[in-house]
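*Asks:* Submitted below is the structure of interest, expressed as structure tokens.
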Amino acid sequence: MSRMFLAAALGLPVVVAPTAASAAPPSGSPALTSVIPAPAEVSPASGSFRLGPLTVIRTQSGSAAAKAVGEQLARALRPSTGYPLPVVAITPRVLPTISLLLGANESRLGDEGYRLQVDARAVTIRANKPAGLFAGTQTLLQLLPKEIDSPTFVRRSWNVAGGSIVDFPRFAYRGAFMDEARHFHTPAEIKAYIDEISRFKINHLHLHLADDQGWRIQIDSWPKLTTVGGGPGTGVDGVGPGFLTKADYRDLVRYAAARYVTIVPEIDMPGHVNAAQVAYPELTCDGVAPPPRTDTEVGYSSLCISSETTYRFVEDVIRELAAITPGPYLHIGGDEAHATTDADYLTFQQRVLPLVTKYGKTAYGWNEIAKSPASSNAVAQYWDTATTNPTVAAAVTRGTKVIMSPANKAYLDMKYDRNTPLGLSWAGYIEVQTAYGWDPGTHVTGIPESAILGVEAPLWSETLRSIDDIEFMAFPRLPAIAELGWSPATTHDWPSFASRLGAYGPRWTLRDVNFYPSPQITWQ
Ligand code: TNX
């Protein structure tokens, strides 16, 4: 204890070793050190908490958000345990209690951090904000025996190892990504993915809503975008039609928010716009509709930079999208604009980046936007495979912030190896150890940690059809990226991650989540 206080007083990282008194965790209960992403501080202690038929979930009185987190926890625990687990605001002291309390009053926890304490009488999660309570409950789920994830009743004892965890994120932004354009994934599939990513404390979901092969979000002022651009025959190979109505989108925003995930919408421009031009030929310079495209080429389409119709279109889309998006970011793409001249690209971004600000959002785009001086208050998504990029480094000195998605590390649509049946390989093969083996804070020369908002794991859909396909590519690499975004760099350790992942695998099996059984991992 005194060593811990001394270290804290000196501002040193506190690494707390289990004391001699700490018994091994109860049989079948994971150790406090088994959590993904690795918590900031873990202090195992003796004893354990037994979740039983009389356990109650107590939430901060007066907080509807804390109560909602408590209800979600109860819904996660009831099927396998069969216990009633009432969610209440006050409890008699004699009952075993899981408490979710606000007012942790500990600044280093920030908005998403939490403190979790486990002893024989109670599990107590304290946080400054409800987001921290949600994060703490995700940790608690991993501390219960894996059978907790069974959709049906399991007869066993439900113990949680004693001790405490203090946890908070390294980066504010941890993102996942779905490509709705190349293949439309339904709202139910998007929700299923949100359920899984939020378990690893991912807090943003970027939706790529338009590309050459399809347009997937209702825009009232340009209705043919979806009736034509999202209609039959759209998507890669013509087999990915569909679109989100505004009602669908609002419902997804709410569903994600309940899991502390913020939706980030993307409309890619000035390239990747063939589907919009098929629907509205006036978006081309010659006014002639191009043929619909269902192949996977990139870089052939461009909005007409000299036409005022283009800016009327772009402003309408940004305005309507901003109005249904409570989150701070609006992604305007900007990648692979090979059919736009450099001068036109700059002209376009100088007009469009400020439009995002006009509608109250922070502009977010692929790293090519760093070419534009107007990107200084925007966020650039680094997808380059190189570890130097002078253009992005120069933008950073002007104020541009960066989210790291290097394609050769963080792209979940890259094959694991040459035998992977799905995915692409233009950025290389990415096995789990490769996805885990980099540091977002030092990866690119001239992009210091102070300029980095976080990480994101794109998952492009050229080869993906079903939720099974999505899960197979995302798991187990998404937890690797989640750990790089959440956990302190000092916890980074491949053998530890590999062993925690191996122990986690059966949970996916119990939840019927498809995953790639990487040969790099000893699956339990
Ligand atoms: C490059 S990454 C693209 C996408 C493709 C992806 C496939 C980026 C900003 N653009 O258009 O879908 O590769 O991996």
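*Asks:* Look through A127, A131 and report the one residue that is over 20 Å from S34 (Cβ atoms) and without any contact (Cβ under 8 Å) to a residue 60 or more places away in the chain. Talk me through it step by step, then tell me what you get.
*Replies:* Numbers: A131 fails: without any contact (Cβ under 8 Å) to a residue 60 or more places away in the chain.
When all the criteria are applied, what remains is A127.
*Asks:* Only one residue in V298, V317 is out of contact with any strand residue (DSSP E or B) (no Cβ under 7 Å at 6 or more places or on another chain) and within 16 Å of the ligand (Cβ to nearest atom). Which one?
*Replies:* None of the others qualify; the one that does is V298.
*Asks:* Here's something else I'd like to know. Considering I194, I165, which residue is touching a Lys or Arg at 6+ places or on another chain (Cβ under 8 Å), at pLDDT 95 or above and buried (at least 23 other Cβ atoms within 10 Å of the Cβ)?
*Replies:* Details: I194 fails: buried (at least 23 other Cβ atoms within 10 Å of the Cβ).
Just one listed residue meets the conditions, I165.
*Asks:* Oh, and also: When the residues of the stretch 432-453 are filtered to those that are of a type in the set (G, A, S) and farther than 17 Å from I36 by Cβ, which remaining residue is farthest from the ligand (Cβ to nearest atom)? Can you show your working first?
*Replies:* The initial filter retains those residues of the stretch 432-453 that are of a type in the set (G, A, S), namely 435, 437, 441, 446, 450-451.
Narrowing the set further to residues that are farther than 17 Å from I36 by Cβ leaves 441, 446, 450-451.
Working: G441: 22, G446: 20, S450: 24, A451: 20 Å.
Checking each candidate, the answer is S450.
*Asks:* How about the stretch 381-429: which of its residues are away from the ligand (no atom under 13 Å from the Cβ) and on the phi > 0 side of the Ramachandran plot?
*Replies:* G399 - this is the single residue of the stretch 381-429 that is away from the ligand (no atom under 13 Å from the Cβ) and on the phi > 0 side of the Ramachandran plot.
*Asks:* While we're on this one: Between a first residue in the stretch 458-470 that is touching a residue at least 24 places away in the same chain (Cβ under 8 Å) and within 11 Å of the ligand (Cβ to nearest atom) and a second residue that is in a loop (DSSP other than H, G, I, E, B) and among the hydrophobic types (A, V, I, L, M, F, W, C), which pairs have beta carbons less than 6 Å apart while being 6 or more apart in sequence or on different chains?
*Replies:* From the stretch 458-470, the pairs are L459/L412; T463/L422.
*Asks:* If I go through the stretch 48-94 residue by residue, how many of them are within 27 Å of the chain's Cα centre (by Cα) and of a type in the set (K, R)?
*Replies:* 3
One line per residue, one yes/no per condition, for (1) free of Cβ contacts under 8 Å to residues at least 12 places away in the same chain; (2) touching a Lys or Arg at 6+ places or on another chain (Cβ under 8 Å); (3) charged (D, E, K, R):
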| position | (1), (2), (3) |
| --- | --- |
| K415 | no, no, yes |
| N419 | yes, no, no |
| L424 | no, yes, no |
| G428 | no, no, no |
| E431 | no, no, yes |
| P440 | no, no, no |
| V444 | no, no, no |
| I447 | no, no, no |
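*Asks:* Looking at this structure, is A257 buried (at least 22 other Cβ atoms within 10 Å of the Cβ) and either under 23 Å from L353 (Cβ atoms) or among the small types (G, A, S) (or both)?
*Replies:* Considered against the rule, which asks whether it is buried (at least 22 other Cβ atoms within 10 Å of the Cβ) and either under 23 Å from L353 (Cβ atoms) or among the small types (G, A, S) (or both), A257 comes out as no.
*Asks:* May I pose another question? Can you pull out every residue in the stretch 168-191 that is surrounded by fewer than 24 Cβ atoms within 10 Å (Cβ to Cβ) and of a type in the set (G, A, S)?
*Replies:* Matches in the stretch 168-191: A172, A188.
*Asks:* Given the criteria more than 30 Å from L346 (Cβ to Cβ) and not in a helix (DSSP H, G or I), does L453 qualify?
*Replies:* So L453 does not fit the description; no.
*Asks:* Which residue out of V239, V154 is in contact (Cβ under 8 Å) with a residue 60 or more places away in the chain, more than 24 Å from V402 (Cα to Cα) and either surrounded by 24 or more Cβ atoms within 10 Å (Cβ to Cβ) or assigned by TED's automatic domain parsing to the domain that holds H331 (or both)?
*Replies:* Testing whether each residue is in contact (Cβ under 8 Å) with a residue 60 or more places away in the chain, more than 24 Å from V402 (Cα to Cα) and either surrounded by 24 or more Cβ atoms within 10 Å (Cβ to Cβ) or assigned by TED's automatic domain parsing to the domain that holds H331 (or both) leaves just V239.
*Asks:* From Y260, Y249, which residue is closer than 30 Å to A131 by Cβ and part of a helix (DSSP H, G or I)? Spell out the reasoning first.
*Replies:* On the way: Y260 fails: part of a helix (DSSP H, G or I).
So the residue among Y260, Y249 that is closer than 30 Å to A131 by Cβ and part of a helix (DSSP H, G or I) is Y249.
*Asks:* Filter the stretch 80-94 for residues that are more than 12 Å from L51 (Cβ to Cβ) and surrounded by 13 or more Cβ atoms within 10 Å (Cβ to Cβ) and give the result.
*Replies:* Selection gives P86, V87, V88, A89, T91.
*Asks:* State all residues of the stretch 510-524 that are surrounded by fewer than 16 Cβ atoms within 10 Å (Cβ to Cβ) and among the hydroxyl-bearing types (S, T, Y); if no residue qualifies, say none.
*Replies:* The answer is T522, and nothing else.
*Asks:* What tally of residues in the stretch 176-220 results from selecting those that are under 25 Å from A482 (Cα atoms) and part of a strand (DSSP E or B)?
*Replies:* Within the stretch 176-220, residues that are under 25 Å from A482 (Cα atoms) and part of a strand (DSSP E or B) number 9.
*Asks:* For the structure I just gave you, tell me whether L330 is touching a Leu at 6+ places or on another chain (Cβ under 8 Å) and at negative phi.
*Replies:* It is true that L330 is touching a Leu at 6+ places or on another chain (Cβ under 8 Å) and at negative phi.
*Asks:* Answer yes if at least one residue in the stretch 492-504 is surrounded by fewer than 20 Cβ atoms within 10 Å (Cβ to Cβ), out of contact with any strand residue (DSSP E or B) (no Cβ under 7 Å at 6 or more places or on another chain) and among the basic types (K, R), and no otherwise.
*Replies:* No, the stretch 492-504 has no match at all.
*Asks:* Consider the stretch 353-364. How many of its residues are in contact with a Gly (Cβ under 9 Å, 6 or more places away or on another chain) and either closer than 17 Å to I305 by Cα or surrounded by fewer than 17 Cβ atoms within 10 Å (Cβ to Cβ) (or both)?
*Replies:* The total comes to 1.
The values are calculated or read from the model by the stated rules, or taken from the named source; none is laboratory data. The structure displayed is predicted, hence computed values, not measured ones. Positions of Cβ are backbone-derived with ideal geometry, glycine not excepted, and every protein chain shown enters the neighbour counts.
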